[in-house]
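Quick notes on the structure that follows.
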Amino acid sequence: MNKVANLFNVREEEFGMVMRLFFYSVLIGFGRIFSLISGQSLFLENYGAAELPYVYIAAGIATICIGTFYFRLGKLTQPVTMVKGNLLFMTLVCFILYAILQLDAKWPSMVAFGWFFLLFQLQSLAFWNLASLMLDIRQGKRLFALITSGEVFALALGGLASTALSSMWHPSNLFLLAMICHGIAFIEVIFLARIYSDKLRTVAIVPEALRKKENTTGLKLNSYTILLILYFAISEFILIFLDNAFNDGLKRYATDTVEIVKILGNFSAIAALIGLFTRSFLAGWVIHRYGLIVALVALPMFILVNSAMTVGGALAGSFLVMFYGIYFARLSDKVLRGVQYSSLRTLYKPLLERASSTQTFVDGIAIPSTFIMAGCILLVLYNYLHVGLYELAYVLIFLCSIWLLIAVRTQISYARLLPKTLIHRKVDNEINMRMDMEDVGEAMDDEEMRSLIRKELLSDKAFRVIHALDYLEQAGDEVLKRSLLPLLSTSDPNVRLQVLERIERFRYESAYDALEVMLKREKDERTKTMLLRVLCVISSKGLKKGIDMLEAEEESVQKGAMVGLLRSGKLEGIVYAGAALMTRLGSPIVNDRIFAAQVLEEANIGGFYHPVRKLLADPDFEVKEAALKATATIKNPILINDVAQNLVHPSLHGMVATTLLAFGDQAMDTIRRTFEKHDTNISILKALIRTAGLIRSERSIRFLKEQLDYPHMNIRQETILSLKAAGFRCDKSDIPMWEKQIDREMENMRWILMLINSLSHIQNSEKIKTSLVYEIQVHRQRIFALLSFRFNRKKVNQAWYNYSLKHEEKRIYALEMLETIVPREYRLKIMPFIESDRWSQMLKRIKGIPEVNQITPIDPVNELLKAGHEKVTLWTRCCAIEYAGNYPANKYTKALVKYTVSLSTEISCTAYLAILKLLHTDPFLYQKIMDTQMPEFIEKIEYFKEHGALDYVTNTSLLKSFDLFSPLAESNLAGIVHMVEVVNYLKGTIVYQKGEVDQSIYLILKGKIRIMDEDMIKVELSAGDMFGESTCLVKEPHKSSAVVYVDVKMFRLRQNVLYHLISINSDVARKLFNSILDNVVGPI
Amino acid sequence: MISENEIPFILKSAPLFEKFPVNVLSMVAGFCDIVYYEEQSVIFSEGDIGSNYYIVHSGQIQLFRKDKMIEVKSELDWFGEFALLRNKRWDVSAFALSDVHMVQLSQDVLFELMSENQDIARLIMESVLSRYRT
């Protein structure tokens, strides 16, 4: 079965769906051929060719009517219901036709033949409405042609069968067969709807009451829809013209009827053979490989070339060339039209909810209209202008050229439309890009506009007032100054703050009295601080007041006075405030020093760097944090080195990075120097790289580029993501480097896949496998990042975001969009690695990897130990090291001993523990190690034997076993293991008392805990339970006490550990946040 | 039309951001999108996966389920908090009764902000926990 699937370019997981749709297509095909043969033969029995035009015209009109009706109905019902109704209707009509054909009259045969044309459109709607919902855009490109070959198959078989049947049966009985086919199709759709309910999801039907009468089309005529309609309409035009030209040529070429029949017979046979082959094998593969453009231009190209041949033949005077020109044109039309028709259904996909209605419009209204129009034009051409093959060939060349142009335009629009089908995400470094906002800027100078905005100042909504303030200030409005004072009485403190800020900025001295009055009434602390600050700055009267207020009781007032005095620029003020500041700076109380830092921050005077430097070196972390904040505001470059020195404290990494960022490019020298100094501490290096990425200067990008080959995966990961954050673009000279990086990712992924594959034969290796699967995702992230360096960054980033969502549909559109961005040479290389979600599917699609379940000579553990550091992250390596400890043989001992001297504590501890485990199982090993190893090593081993070491791997797995952390990847949890405390308490110990504030989460590993309220036992907790979570994140006293009932061993995580976890990346943040909601709040 | 400067204050009017200081809000505002929907357009359908939080700046939006009208959202109304936090499927559809301007915050941006800035992480966490915890 697999081989069959491979032959047709069908993937294993799609096989069932393809088979079902193929069957559906076969049913539709049988229904069509039976109706056609029966209708046509009965018609010809009763009427002649002369009556045909009437049938055409009637059918055309009926089709348009039904199409319009269908189109209207489509807005009120779900697509699947429409399909069901449609099939039921066809079943019913077939039965009615059968019934009336039993009457002894001529007219039913005319109706029956006319019905065929209607049926053709209805079937096409029924089939495509369903098929295009079930297959996604990428499958459609590959499989639509294959699926519709079921119809071709049915047409051939049905044709043969009805010839045989007609000798026994009256043709009208064939309508019964058609009825049965449609009936079965109806039942199949019911099943399909049930099996694929997730794909055939419902869309909102806007209630009648909400819809406006004049806007009921549901069809939006934008340029893309118009292109689509034009494309299909011209296609129809050409079909009719070509058919006529061919018939004309045939009439002139052939001498008698026998020859005509012979030529036609050959023609049909060749067409059917090539057609079947193209549809089932060639089309899907070619389109998959080269894109939709092939399907769009193939037919126009063929017809164009062959029409040119016809014209050439005419010019050269060779009728044979002329005839075969049109012969091949018609042949390629016959072969490719079906392919084109089916494959181009994917073109509707990007229209999303409008796809179905647009498709109905094209099939039900646009195409039949063209049909009628083309017929009329042909009548005129033949009867009045007497055109023949030669002239028609010219018309065809003309039409095909237009068609080609439209095809190319359609492809361009298609590529442009794709991003809109994805969730739009503002790219981080283009904050000022507003996709959907109209331009506001131009209206700035308009006086009328300004007076409107002035009225907004009186609004009772804070945001309107502040918007107006901003607007008028930017416009340099004169009236603004006058309107400031009345606004001070607004109830919203935000408005008051904004007003005060402007008073300070304008140095609006006459506001003084009003402000003084306000100071007495003001309740809001921030406003009060601001008030005093403004008072000190705007007038010398205020200066005196400020000096008095330095002694005030309230901190907020003191702060305002100090900041105001410092900012006033008057020596007297600075002296007094400086003295007060000095006291705070030298104070032994932490809060005083924090206060000083805050004052320095608000005063924002670059010259005052000295006290900030002192605070940066403060032993207390909170003071350091406040000082870092102040530094970020003041931005005096003298302080950069002092800031960087704080990197030695892991908990300050985030703050230091933010502060360095404030200096921008100025900080690059320091970053580079610090990087070289600490080149063993991975977390410092990561923090530095992250900062460099956010600085986004030429120097920072150069720095990052140099780190691309740093021989450590964690650093490499950070570097590439930082380059992305920096908005790095490859120029010509970077391309070899870029290609090297891409190749490296591919090679790594191939290696990882191979390891995963061979791990399936090794017992108990799930942990390594899980971590390797996670590595694949990380690799993909890097591939997308690398792609964004060379191709349209915005689109690649958007594609990545949608790709990484757990939303199948968005993922598919993202891949499709990526195909339109990345050139073919890279696309073919990269796609197999990112296309499928599951590694087992990836294995099949990547060449050069042994088949699944085939035993390989590679030892994955050994491979990881040997070359892991350049290919996978720290966590995967630790898993491999830990796993190596399980082997009794001394297979890995050498490698493990080597790892004990690793600079990373995680690795070396894991390696020591693994060796200890080995020593337990193998008594001879101990002696051997004693003989061969250095004394330091033996000392260390003895030490760990007695004291134990940080069991990095086990602790991580333990963390993950708790509900709160179970959604997170182990490799992410590994990042906090060193911050988790292991606590042991004896029975009777009180973990916390009621009323106490202790912002920690406890995870019980062993023993029992009772949560008590006074003397009442509220709940008893044991291993696997967690407590303290509800007060960990919100600063609140405990509502009950926790007492140890049976001796416990617990993990204790302080609040900052959780926030550290959140800061790893947004994905971890999302998962943890959701888990916290689940576990703390319960389902909301 | 919405100017960038008003976004912090529009945000502040919603309970989720009520307790945020203005300087933090202006950081959040830098990551919000301003979206525009023309009259008579469907903003999302029932069953769609939601990941956006909306605060209406101007215009009117009808929320409905099948033929049942649920609610009309207009100036400074907000919706989609669950969608923002939990990625849930919408249990209503939204339809623009007039031209609508909204401030939109998407989930990925929120979590990115949370992971980049601990202040925001803390504030969001506290805001959500204090309002939903029983």
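The selection criterion, being under 42 Å from the mean Cα position of the chain (by Cα) and not acidic (D, E), holds for A:T905.
Per this entry, A:D669 is not counted among residues that are under 19 Å from A:S700 (Cβ atoms) and either modelled with pLDDT under 90 or in contact with a strand residue (DSSP E or B) (Cβ under 9 Å, 6 or more places away or on another chain) (or both).
In summary, helices (runs of 4 or more DSSP H) completely within segment A:477-544 and bearing 1 or more residues that are modelled with pLDDT under 85, surrounded by fewer than 19 Cβ atoms within 10 Å (Cβ to Cβ) and over 48 Å from the mean Cα position of the chain (by Cα) occur at A:479-487, A:512-521.
Let's see how each residue does on (1) surrounded by 18 or more Cβ atoms within 10 Å (Cβ to Cβ); (2) modelled with pLDDT of 85 or more; (3) assigned to a helix (DSSP H, G or I):
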position	(1), (2), (3)
A:V4	no, no, yes
A:F15	no, yes, yes
A:V26	yes, yes, yes
A:L44	no, no, yes
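The set of residues in segment B:70-87 being in contact with a strand residue (DSSP E or B) (Cβ under 8 Å, 6 or more places away or on another chain) and either assigned to a strand (DSSP E or B) or not acidic (D, E) (or both) consists of B:I70, B:E71, B:V72, B:K73, B:S74, B:L76, B:W78, B:F79, B:G80, B:A83, B:L84, B:N87.
Show me the helices (runs of 4 or more DSSP H) found entirely inside segment A:312-389 where at least 2 residues are aliphatic (A, V, I, L, M). Can you show your working first?
Values: elements: A:319-343, A:355-361, A:367-380.
It comes to A:319-343, A:367-380.
Each residue in segment A:118-165 was checked for being acidic (D, E) and assigned to a helix (DSSP H, G or I), and 1 of them qualify. Checked across segment A:291-302, the condition of being open to solvent by 70 Å² or more (accessible area, probe 1.4 Å), under 40 Å from the mean Cα position of the chain (by Cα) and in contact (Cβ under 8 Å) with a residue 24 or more places away in the chain holds for at least one residue. When segment B:65-81 is limited to residues that are surrounded by fewer than 17 Cβ atoms within 10 Å (Cβ to Cβ) and more than 13 Å from B:V103 (Cα to Cα), the one that is farthest from the other protein chains (Cβ to nearest Cβ) turns out to be B:E71.
B:F95 satisfies every condition listed in (1) within 9 Å of another protein chain (Cβ to nearest Cβ); (2) open to solvent by 10 Å² or more (accessible area, probe 1.4 Å); (3) assigned to a strand (DSSP E or B) except (2). Within segment A:964-978, residues that are farther than 12 Å from A:A1069 by Cα and touching a residue at least 40 places away in the same chain (Cβ under 8 Å) sit with their Cβ atoms under 7 Å from residues that are assigned to a loop (DSSP other than H, G, I, E, B) and of a type in the set (S, T, Y), at 6+ positions apart or across chains, in these pairs: A:S971/A:T873. Taking the criterion of being buried (at least 22 other Cβ atoms within 10 Å of the Cβ) and at pLDDT 85 or above, the residues of segment A:790-799 that qualify are A:V796, A:A799. From the list B:F17, B:F31, the one residue that fits, being in contact with a Lys or Arg (Cβ under 7 Å, 6 or more places away or on another chain), under 25 Å from A:N1056 (Cβ atoms) and either at pLDDT 85 or above or crowded, with 16+ Cβ neighbours inside 10 Å (or both), is B:F31. For beta carbons closer than 9 Å, sequence separation of 6+ or different chains, a first residue in segment A:83-110 that is within 19 Å of A:A58 (Cα to Cα) and a second that is of a type in the set (D, E, K, R) and part of a helix (DSSP H, G or I), the qualifying pairs are A:S109/A:E45; A:M110/A:E51.
What do you reckon, is A:R11 open to solvent by 20 Å² or more (accessible area, probe 1.4 Å), basic (K, R) and within 22 Å of A:I187 (Cβ to Cβ)? Taking the combined requirement at face value, the residue does not satisfy it. Looking across segment A:563-607, the residues that are in contact with a Leu (Cβ under 7 Å, 6 or more places away or on another chain) and small (G, A, S) come down to A:G564, A:S568, A:G573, A:A577, A:A580, A:A596, A:A597, A:A603.
Evaluated against (1) modelled with pLDDT under 80; (2) surrounded by fewer than 20 Cβ atoms within 10 Å (Cβ to Cβ), A:S343 falls short on exactly one condition, (2). Here the condition is being open to solvent by 20 Å² or more (accessible area, probe 1.4 Å), among the charged types (D, E, K, R), at pLDDT below 80 and over 22 Å from A:Y710 (Cα atoms); of A:K891, A:K960, it holds for A:K891 alone.
Can you tell me which residues in segment A:747-787 are open to solvent by less than 10 Å² (accessible area, probe 1.4 Å), more than 19 Å from A:N1065 (Cα to Cα) and of a type outside the set (A, V, I, L, M, F, W, C)? Within segment A:747-787, A:N748, A:N757, A:S758, A:S765 qualify.
Restricting attention to segment B:1-23 and to residues that are polar (S, T, N, Q) and assigned to a helix (DSSP H, G or I), the residue that is nearest to the other protein chains (Cβ to nearest Cβ) turns out to be B:N5.
Remark: A:V1044 matches the filter, which requires a residue to be surrounded by fewer than 21 Cβ atoms within 10 Å (Cβ to Cβ) and either within 14 Å of chain B (Cβ to nearest Cβ) or over 25 Å from A:P967 (Cβ atoms) (or both).
Scanning segment A:368-404 for residues that are modelled with pLDDT of 85 or more, buried (at least 17 other Cβ atoms within 10 Å of the Cβ) and among the aromatic types (F, W, Y) turns up just one, A:W403. Inspect segment B:105-120 for any residue being buried (at least 21 other Cβ atoms within 10 Å of the Cβ), facing chain A (nearest Cβ under 9 Å), assigned to a strand (DSSP E or B) and at pLDDT below 85 and give the result as yes or no. Yes: one or more hits.
Give the number of residues within segment A:1009-1023 that are part of a loop (DSSP other than H, G, I, E, B) and surrounded by 12 or more Cβ atoms within 10 Å (Cβ to Cβ).
Pass one, segment A:1009-1023, residues part of a loop (DSSP other than H, G, I, E, B): A:1014-1015, A:1023.
Keeping just the survivors that are surrounded by 12 or more Cβ atoms within 10 Å (Cβ to Cβ) gives A:1023.
Of the residues in that region, 1 qualify.
The number of residues in segment A:1019-1037 being farther than 16 Å from A:L964 by Cα, more than 14 Å from chain B (Cβ to nearest Cβ) and in contact (Cβ under 8 Å) with a residue 12 or more places away in the chain comes to 2. Between A:G1082, A:G1007, the distinction of being more than 9 Å from every other protein chain (Cβ to nearest Cβ) and over 26 Å from the mean Cα position of the chain (by Cα) belongs to A:G1007 only.
Does B:S106 satisfy the criteria of being of a type outside the set (D, E) and within 26 Å of A:N1079 (Cα to Cα)? Taking the combined requirement at face value, the residue satisfies it.
Could you count how many residues in segment A:935-963 are charged (D, E, K, R) and free of Cβ contacts under 8 Å to residues at least 24 places away in the same chain? Don't jump to the end; show me each part of the working.
Of segment A:935-963, the ones charged (D, E, K, R) are A:936, A:939-940, A:942, A:945-946, A:951, A:960, A:963.
Imposing the further condition that a residue be free of Cβ contacts under 8 Å to residues at least 24 places away in the same chain reduces the set to A:936, A:939, A:942, A:946, A:960.
Adding up the residues that qualify gives 5.
Yes/no per residue for (1) modelled with pLDDT under 90; (2) closer than 23 Å to A:G664 by Cβ:
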| position | (1), (2) |
| --- | --- |
| A:R584 | no, no |
| A:E601 | no, yes |
| A:N604 | yes, yes |
| A:G607 | yes, yes |
| A:A627 | no, yes |
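The values are calculated or read from the model by the stated rules, or taken from the named source; none is laboratory data. Everything numeric in this text was worked out from a predicted model, so none of it was measured. Heads up, the Cβs are rebuilt from the backbone with ideal geometry, glycines too, and the neighbour counts pull from every protein chain shown. Ligands, DNA and RNA are excluded from the accessible area calculation, which covers all protein heavy atoms including side chains. Shrake-Rupley method; radii C 1.70, N 1.55, O 1.52, S 1.80 Å.
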